[in-house]
Amino acid sequence: MELLSGADMLIRSLEDEGVEYIYGYPGGAALHIYDALFRQDKVKHILVRHEQAAVHMADGYARATGKPGTVLVTSGPGATNTITGIATAFMDSIPMVVLCGQVMTHLIGEDAFQETDMIGVSRPVVKHNMSVRHPSEIPEIIRKAYYIASTGRPGPVVVDIPKDMTTPNERYEYHFPAKVKLRSYNPVVRGHAGQIKKAVDMLLAAKRPMIYAGGGVILGKASDQLRELVQMLGYPITNTLMGIGCYPATDKQHLGWLGMHGTYESNMAMHHADLILAIGARFDDRVTNATEKFCPGARIIHIDIDPASISKTIEADVPIVGPVDSVLKEMISLVKEAKAKPDAGALAAWWKQIDEWRAFHGMRYQTSDDVIKPQEVVEAVWRITQGDAFVTSDVGQHQMFAAQYYKFDKPNRWINSGGLGTMGFGLPAAMGIKLNFPEEEVVCFTGEGSIQMNIQELSTCKQYNLPVKIVNLNNQALGMVKQWQDMNYEARHSQSYMESLPDFIKLAEAYGHVGIRIDRKEDLEPKLREAFAMKDKLVFLDIYVDRFEHVYPMQVPRGAMKDMWLSKTERV
Amino acid sequence: MRRIISVLLENEPGALSRVVGLFSQRNYNIETLTVAPTEDPTLSRLTVTTTGSDKVIEQITKQLNKLIEVVKLVDLTEGAHIERELMLIKLKATGAQRAEIKRTVDIFRGQIVDVTSAIYTVQLVGDSDKLDAFIQAVGTGGVLEVVRSGVSGIARGEKVLSL
C-alpha cells in the first residue's frame, strides 16, 4: 500500500474523483497542497487574480457541464474572498467543492495570522461544510464532498483543511473509497407513483394548462424528457431565467420566460391558467410577484428534488418530490397509456387566446436611427453566433436584454447568476467555460459597472489564452439601478452614474487583448463580425448603447403576474 | 402555535451551530433548546420548542431535514407526548415567607435542594406551564435567580425516535 502525505492524498483524491482543472490562488496555509500540485501533472491549476473569480470559473464550468467545479484557496482572506462566489453557487444550486487552507490545528481559535472560521463564515451559504481533523480522513472527506455537492439538490461544499493535515512529514495509506454512504443523507431517487398518476390525470383534464419549468430541469438533465412531454401534450411552456434553454426558445410552444421581466404572453398565460405544472422551479419572488395575487384560478402540480422548495411560497395541490428526469419519464409513459386525451377544443381556444397575447406584445422594442439599442446588440450577437454560443452574463439591464433577445435552443448555454444576482460573475464564468470548451464560442454580456468588479481577470485570460468575447453594453450608468430610480424615485439618480469610466480599449490592450469601440449604429454588425472572426483573440467590445433604455416588460410591484409595464408609457 | 421538535443529530462538532444558524438565518424563532448525547455516543438528541403557523413549522422541519447532520426528526406536538423541563430557582425565604414557600414547593411537588438562613433553592420538574405557575405562586418579588433547562420531550406509547 502506498504511503502519501495529506497534501498528496488530497491531490490524488481529486484525480481519482476525475477533476481536471482546479481554480485557485495560493497562500501560506495552502502551501503544502500547492507543493503537491507542483509535483504531478494530472490535476491542472488555473491561477486567477482574485479568489472570487476562481469560484465563478468553477461555477461556469459546473453550469455548462453539470459536473462539480473545484476551487483551492488559502485561509483567511483567501477563504473569505470566495464567499460571494459560494453564495452565488448556493442560490442557483450549482455543484462545487471549495477547498480552503486553514491555520494549523493548535492555532485555531487564537486569532492566528490569516485565521478565519471558514466553517462558521460559510455555513449559511453552503449545502454542507467539513473540517479535516486527521490527514488519513482526506480521501473519504473528498469523496463525500463531491457526492454531497452533486447529488440531490446540488450545491457548494466547503472543506476546511488545517495546514498540519497536509504536512509532508506524516504519511498514511492511501485508499480512495469507491462509494460513500451517509446515514443522514439519502436524496430521493423516485417520485411517488400515486402522486405522479394524480398529476397526469389533472394534466390531461386541464382546459388552460401551463408548464412552468425552472433551472432544476437543466440541473436534473431532463431537457429531453421535458421536450417530449410538452410536445406530446401540445401545451404551452414558459421557463424561469434559470431554466432558459431547458426547452428550445425558437419552438412555437415556447412563450419565452416569465416573471418580473418575462414576456407578456408568459405572464398572461400563467395568470389565466387553470393548471400549472411546475418542474424544478421554486416560485421565486421574481417570478410570482405578489403571492396572494398569484395565478388565482390555477391548481398547481409541483415537481422538485427538494421537498423544502415545495409549498414554500406557493401551496402545491399535488407535490411530487423526486428527480425531474425520472418523474417526467414516468409521466410520459402514463400519458401514452392514458385513455383520456387533452381536450382538443379547450386547447385550441387556449392557444387562440395565447396567440392574441403574443400578437399584442411579443418581445418588442423601439428602434432608433441614431443610437444603438442594447436589444439589437444581443440580436446581432445571436445571429452572428447562430444562436449556439455559451453566453454568460453579469447582472443588470444587460443581463435581462441578453436573456430576452438571445434565443437559446439548448440547455447549459445560458450562464448567469439568477438567485444571488452577482455583478462580476460573467467574465470569470465565461473563462471557466472557454477553458473547458476551447472550440466553442463563449460570449460574456456585461455592463461597464459589472465588468469592473472582476476586470483583473483579463490578466488570467492572457496567461491561459482564453479568447472569450466580452460584449460591454455601455450605457454609462448602473442601468438597472437607474431604471428603478426613474420609475420609483422620480428620476433621482443617486449614485447610479459611472463617472470617469476607463478607456476600455486601452485597458484591454494593456492586458494584451483586442479592444473595439462601437458607437455608430452602422458599425454594429460589421465590427461584431470582425470581432467574432478573431477566433484566437479575446476581444473586448465596448458598445455605446442608448443611455435611456429600460427593460420591459416589467411587472408592477406587488401586483399579479398579469400586471406589467410594457414600455415607459403602456401599463396593463 | 407552539411546537416541540425532537431531532436526532450526528454528534459532531459544528452540528449544533448548523441547527441554531438555520433558525436565525431563516427568521424562525427558538423558545427553548436542549441538547445532549444519547445512549449511542454518535448521536445527540436535540429538542427545540418554537412557534409559528403550520406553514412555517412545515418549512422548519423540511429545512432541518435538509441539514446533512440531521438524521431524523419528529414534531412531538403532532401526537400524544410527555414534556418536561427542570427549573432551579433561588427564593428569598425569611420570616413568615419560609413556611409559605415550603408549602408551595410541596404543592408543586418540588424539592428544596439547598438552604441558607435567608434563601431556599428549589428544584422543580414539570411542563413549562407548571414552572410558570410556580413562579407566579411564589410571586416574583421573592425570586432571586431562575435557571430553566428548556424542554425535553418524548412521545407517549410505542412510538420511538431512533435509527
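As an exercise, find the ratio Rg/Rh for region A:3-173 from alpha-carbon atoms, using the Kirkwood inverse-distance average for Rh.
Reported Rg/Rh (Cα atoms, Kirkwood Rh): 0.93.
At a 10 Å Cβ-Cβ cut-off, how would you order A:Trp350, A:Trp357, fewest neighbours first?
In increasing order of surrounding Cβ atoms, one gets A:Trp357, A:Trp350.
Counting DSSP beta bridges in the protein assembly as shown, what percent are antiparallel, to the nearest 5?
Among the beta bridges of the protein assembly as shown, antiparallel pairing accounts for roughly 45 percent.
Expressed in nm to one decimal, what extension gain is obtained for the pair A:Lys221 and A:His493 from 0.36 nm per residue of sequence separation less their Cα-Cα distance?
Contour length minus Cα-Cα distance gives 93.6 nm.
Restricting the count to DSSP beta bridges whose residues both fall in region A:3-173, what percent are antiparallel, rounded to a multiple of 5?
Given both bridge residues lie in region A:3-173, the antiparallel proportion sits at roughly 10 percent.
Only four residue types carry charge here, +1 at the Cβ of Lys and Arg and -1 at the Cβ of Asp and Glu. Report the dipole size of region A:427-572 about the Cα centre in Debye, rounded to the nearest 20.
220 debye
Taking amide hydrogens as modeled 1.01 Å from N in the peptide plane, which residues meet the under 5 Å criterion relative to A:Gly69, leaving out close sequence neighbours?
Here A:Ala62, A:Met96, A:Val97 satisfy the definition.
For region A:193-360, with the dipole built from +1 on Lys and Arg beta-carbon atoms and -1 on Asp and Glu ones, taken about the Cα centre, which of A:Trp257, A:Cys295, A:Gly194 lies farthest toward the positive end?
The listed residue farthest towards the positive side: A:Gly194.
Express as a percent, rounded to the nearest 5, the fraction of DSSP beta bridges in region A:429-572 (both residues included) that run antiparallel.
If we restrict to bridges inside region A:429-572, about 20 percent are antiparallel.
How far is helix B:96-107 tilted off the main Cα axis of chain B, in degrees rounded to 10, range 0 to 90?
Relative to chain B, helix B:96-107 is tipped by roughly 40 degrees.
Just the number, please: Stokes-Einstein D of region A:518-572 in µm²/s, Kirkwood Rh from C-alpha pairs, 20 °C, 1.002 mPa s.
D, rounded to a whole number, is 150 µm²/s.
Given just the C-alpha atoms of region A:160-284, how large is their convex hull per residue in cubic angstrom?
Cα-based convex hull of region A:160-284, divided per residue, equals 197 Å³.
Quick one: check the C-alpha center-to-center distance for region A:21-88 versus region A:198-222, whole angstrom.
What the calculation gives is 37 Å, centre to centre.
Based on the Cα gyration tensor of region B:2-79, what are the three equivalent ellipsoid semi-axes, each the root of five times an eigenvalue, rounded to whole Å and given largest first?
Over the Cα atoms of region B:2-79, the ellipsoid semi-axes are 19, 13, 11 Å.
Between the DSSP loop rule and a limit of at most 16 other Cβ atoms within 10 Å, which trypsin sites (Lys or Arg not before Pro) in region A:176-248 are left?
Passing both the DSSP loop test and the Cβ count: A:Lys179, A:Lys181, A:Arg183, A:Arg190, A:Lys207, A:Lys221.
Taking the Cα atoms of region A:256-300 alone, what are Rg (to one decimal) and Dmax (as a whole number) in Å?
Looking at region A:256-300, its Cα Rg and Dmax stand at 9.7, 24 Å.
To check my understanding: the extent here is largest minus smallest coordinate of the Cα atoms along each principal axis. What are those three numbers for chain B, in Å, largest first?
Projected onto its principal axes, the Cα set of chain B covers 57, 34, 32 Å.
Only four residue types carry charge here, +1 at the Cβ of Lys and Arg and -1 at the Cβ of Asp and Glu. Report the dipole size of the protein assembly as shown about the Cα centre in Debye, rounded to the nearest 20.
1520 debye
Could you work out the relative contact order of region A:428-504, using alpha carbon pairs under 8 angstrom and six or more residues apart, expressed as a whole percent?
So the answer I get is 30 percent.
Any number yet on Rg/Rh for the protein assembly as shown, C-alpha, Kirkwood?
1.03
Pull out the extension gain between A:Gln40 and A:Lys197, defined as 0.36 nm times the separation in residues minus the alpha carbon to alpha carbon distance; nm, one decimal.
51.2 nm
Using the Cα atoms of region A:193-360 to build a convex hull, what is its mean projected area in square nanometres?
8.5 nm²
Could you pull the Rg and Dmax for region A:395-539, using just the Cα atoms, both in Å?
So, for region A:395-539, Rg and Dmax equal 15.5, 48 Å respectively.
Evaluate the charge dipole of region A:1-80 about its Cα centre and quote only its size in Debye, nearest 20, assuming +1 on the Cβ of each Lys and Arg and -1 on the Cβ of each Asp and Glu.
260 debye
I'd like the distance separating the alpha-carbon centroids of region A:372-402 and region A:444-510, in whole Å.
Each part's Cα centre sits 15 Å from the other's.
Place a label point 7 angstrom from the Cα of B:Glu31 along the Cα-to-Cβ direction, then list the residues of region B:53-80 whose backbone nitrogen is under 18 Å away.
Of the residues in region B:53-80, B:53-61, B:74-80 have backbone N under 18 Å from the label point off B:Glu31.
List B:Ser149, A:Ser393, A:Ser368, A:Ser496 from most exposed to least, where exposure is judged by having the fewest other Cβ atoms within 10 Å.
A:Ser368, B:Ser149, A:Ser496, A:Ser393
What number, in percent, do you get for the relative contact order of region B:82-152 if the mean sequence gap of Cα pairs under 8 Å and at least 6 apart is divided by its residue count?
About 50 percent, as a whole number.
Between region A:538-567 and region A:512-526, what's the alpha-carbon centroid distance in Å?
A separation of 23 Å, based on Cα centres.
Given H placed on each backbone N at 1.01 Å, which residues far from A:Met564 in sequence or on other chains put an amide H within less than 5 Å of it?
Placed amide hydrogens put A:Val556, A:Val572 under 5 Å from A:Met564.
Could you compute how fast region A:465-572 diffuses translationally, taking Rh as the Kirkwood radius over C-alpha pairs and applying Stokes-Einstein at 37 °C with viscosity 0.692 mPa s? Give it in µm² per second.
For these conditions, the coefficient is 203 µm²/s.
Considering only DSSP states other than H, G, I, E and B, which GluC sites (Glu not before Pro) in region A:1-109 qualify as loop sites with at most 13 other Cβ atoms within 10 Å?
Here the GluC sites (Glu not before Pro) that fit, given the DSSP loop and packing criteria, are A:Glu2.
Please list the non-local residues whose amide H lies under 5 Å from the amide H of A:Gly259, H modeled 1.01 Å from N, same-chain partners needing a gap of 5 or more.
Long-range HN contacts for A:Gly259: A:Asn267.
How big is Rg to Rh over region B:82-152, alpha-carbon atoms, Rh as the Kirkwood inverse-mean-distance radius?
Ratio of gyration radius to Kirkwood radius: 0.95.
Per-residue ellipticity at 222 nm for the protein assembly as shown, helices alone: DSSP H runs ≥ 4 residues times -39500 (n - 2.57), over residue total, nearest 500 deg cm²/dmol?
Roughly -10000 deg cm²/dmol at 222 nm, from the helical runs in the protein assembly as shown.
Please identify which residues in region A:499-528 have an amide N closer than 14 Å to a label point set 7 Å out from the Cα of A:Asp369, following the Cα→Cβ vector.
From region A:499-528, the list is A:521-522.
Ranking A:Met104, A:Met202 by Cβ neighbours within 10 Å, fewest first, what do you get?
A:Met104, A:Met202
How are the alpha carbon pair distances in region A:354-447 distributed across 5 Å bins from zero to the largest one, expressed in percent?
3, 13, 22, 22, 19, 12, 6, 3, 1
For peptide A:124-132, compute the average count of partner chain beta-carbon atoms within 10 Å of each residue's beta-carbon.
3
Taking each residue of B:63-74 in turn, how many C-beta atoms of other protein chains fall within 10 Å of its C-beta, and what is the average?
4
Readers should treat all values here as calculations from the given coordinates under stated rules, not as data from a laboratory. Predicted model, so just to flag it, every value in this text is computed and none were measured. Using ideal geometry, Cβ is built from the backbone for each residue, glycine included, and neighbour counts are taken over all protein chains shown.
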